[in-house]
Amino acid sequence: MHILHVANFSTQKYGSVFYATDRKLSNGFIRNGHFVYEFSDRDIARQENIFGSKKLGRNKLNACLLKALENLQPDLLLLGHTDLIFEKTLDEARRRVPNLRIAQWFVDWLIEKGTDKYLYKRLPHVDAFFCTSAGDQLMPFRAVNNKSYYLPNPIDPSIESLKNDQKDSFDIDLLYCGTDQKDSIRRKFISKIKSQLGDIRLKLHGSQGDSPVYGAKYIEVLSKSKMGLNLSRKNDIPYYSSDRIAQLIGNGLLVFMPETPGFRDLFSEQELIYFNDSDDLIDKIIYYNDNDVRRKEIARQGREKAHTSYNTSRVAQFIMETTLDLPLSENYEWINA
């Protein structure tokens, strides 16, 4: 099939976030034998006006998208984080390409009719909607479009290619990457962890005043890390995690994660370590830092589960089958989320 994939693609970041979900999903569809044309909405909006403004270039962007549709005649229009696209453009796209199917994906937590209200308005104009949040946050979306599904954070074998579970020597015992400038709760949590880990080598990026790290430097930091903390801004949303989970568990780090509703359906306690509070986390970090055999075994099972169940090809196939109303070829673990 021919797929027109409209997303950010971070072209102007020049590869600093090459592990982002948009390119992973493109990779998955390509591995499944489809042709994918990547269309960066933000870059085109900027380049189509002399001021380099997304807002001023929005009308021209939508006209360019319709031109791309006519040139490509795709079977599937796949939309990522694309708040610059008008709903009327999607309706016009169907008129120009009568058999076109449209799918929307979103990798973040939802605020019903709030900051992501454009998604809610878009639901009647797409054939299927996919999001990394589930539960009560997804229910209002399903009331508008009953083909609204949970989507796991995908793992890409060409990106998550480390196997830290097979290593013995590390420079970093525990890695945490995540900003805390606008999150006082997370800042206090990390501060407490930092103060009580003793001789355990904790490395922070983006938190407690330490600078973030991107691109190949981020992968290098991952390669030096034995264990990783997956702490999202929201940890009470069913099945939700930031895409950090893919980068940690997919590379064979032993992952610590707060108890999150439903997440044990995706990864068991034999594949990652769940904790209830900061004291519980500290005890478990100390235990697994001193027990390399158990650390390696759980990290290995987590990595293998991630690459088997949530690889980009399988996630892309799920998007394709549900959007096109095809019979499901597999029993996807997340189908009832």
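The values are calculated or read from the model by the stated rules, or taken from the named source; none is laboratory data. Treat the numbers as computed from the prediction; the structure is a model and nothing was measured. All Cβ positions, glycine included, derive from the backbone under ideal geometry; neighbour counts span all protein chains shown. We work out accessible area using only protein heavy atoms, side chains counted, and drop any ligands, DNA or RNA first. Shrake-Rupley method; radii C 1.70, N 1.55, O 1.52, S 1.80 Å.
Brief remarks follow.
- For GluC sites (Glu not before Pro), the sites in the range 238-290 that DSSP calls loop and that have at most 13 other Cβ atoms within 10 Å are GLU259, GLU269.
- Note, ³J(HN,Hα) from phi for the range 64-76, Karplus 6.51, -1.76, 1.60, rounded to Hz, x at Gly and Pro: 5, 5, 5, 5, 5, 4, 5, 5, 8, 6, x, 7, 9
- Within the shell defined by Cβ-Cβ distances under 11 Å, the residues around LEU56 carry a net charge of +4, with Lys and Arg each +1 and Asp and Glu each -1.
- Backbone phi angles across the range 243-260, fed through the Karplus curve with coefficients 6.51, -1.76 and 1.60 (θ = phi - 60°), yield HN-Hα couplings of 5, 4, 4, 5, 5, 7, 6, x, 9, x, 6, 6, 9, 10, 8, x, 4, 10 Hz in residue order; Gly and Pro are listed as x.
- The chymotrypsin sites (Phe, Trp or Tyr not before Pro) of the range 16-67 that meet both conditions, a loop assignment by DSSP and at most 13 other Cβ atoms within 10 Å of the site Cβ, are PHE51.
- Heavy-atom SASA rank of THR82, THR308 (probe 1.4 Å, accessible area, largest first): THR308, THR82
- Taking 14 Å as the straight-line reach from the Cα of LYS54, the aspartates and glutamates in range (excluding those fewer than 8 positions away in the same chain) are ASP41, ASP43, ASP83.
- Charged-residue dipole, Cβ positions (Lys, Arg, Asp, Glu), the range 179-337 about Cα centre, Debye nearest 20: 720 debye
- What the phi angles of the range 266-275 give under the Karplus curve with 6.51, -1.76 and 1.60, with θ = phi - 60°, is a coupling list of 8, 9, 7, 6, 8, 10, 7, 9, 8, 9 Hz, glycine and proline written as x.
- Pairs from LYS117/LYS234; LYS67/LYS88; LYS182/LYS226; LYS13/LYS194; LYS60/LYS147 whose Cα-Cα separation, in the structure shown, is over 24 Å: LYS182/LYS226; LYS13/LYS194; LYS60/LYS147
- Protein heavy-atom accessible surface, 1.4 Å probe, per residue over the range 99-231: 45 Å².
- From helices alone, the chain scores -11000 deg cm²/dmol at 222 nm; the rule is -39500 (n - 2.57) for each run of n ≥ 4 DSSP H residues, then divide by the residue total.
- 5 angstrom amide H check on PHE106, placed H, neighbours 5+ away: PHE130, CYS131, THR132
- Under 5 Å from the amide H of SER148 lie the amide H atoms of PHE129, each residue being 5 or more positions distant or on a separate chain, with H modelled from the backbone and absent for Pro and chain starts.
- Amide H contacts of ASP180 (H built 1.01 Å from N, in plane; Pro and chain starts excluded): GLN208 sit under 5 Å, all sequence-distant by 5 or more or on other chains.
- Degrees between helix 312-323 axis and first principal axis of the chain (Cα, 0 to 90, nearest 10): 40 degrees
- On the range 119-186, 48 percent of the accessible area sits on carbon and sulfur atoms, based on a 1.4 Å probe.
- The angle between the Cα long axis of helix 87-96 and the longest principal axis of the Cα atoms of the chain comes to about 60 degrees, rounded to the nearest 10.
- Of the solvent-accessible surface of the range 281-337, computed with a 1.4 Å probe and all protein chains present, 48% belongs to carbon and sulfur.
- Under the combined filter of DSSP loop state and at most 13 neighbouring Cβ atoms within 10 Å, the range 263-337 retains none of its chymotrypsin sites (Phe, Trp or Tyr not before Pro).
- Summarised as an ellipsoid, the range 123-277 has semi-axes of 29, 18, 15 Å, derived from the eigenvalues of the Cα gyration tensor scaled by 5 and square-rooted, with the largest first.
- Distance from the range 34-104 to the range 191-261 (C-alpha centre basis), Å: 35 Å
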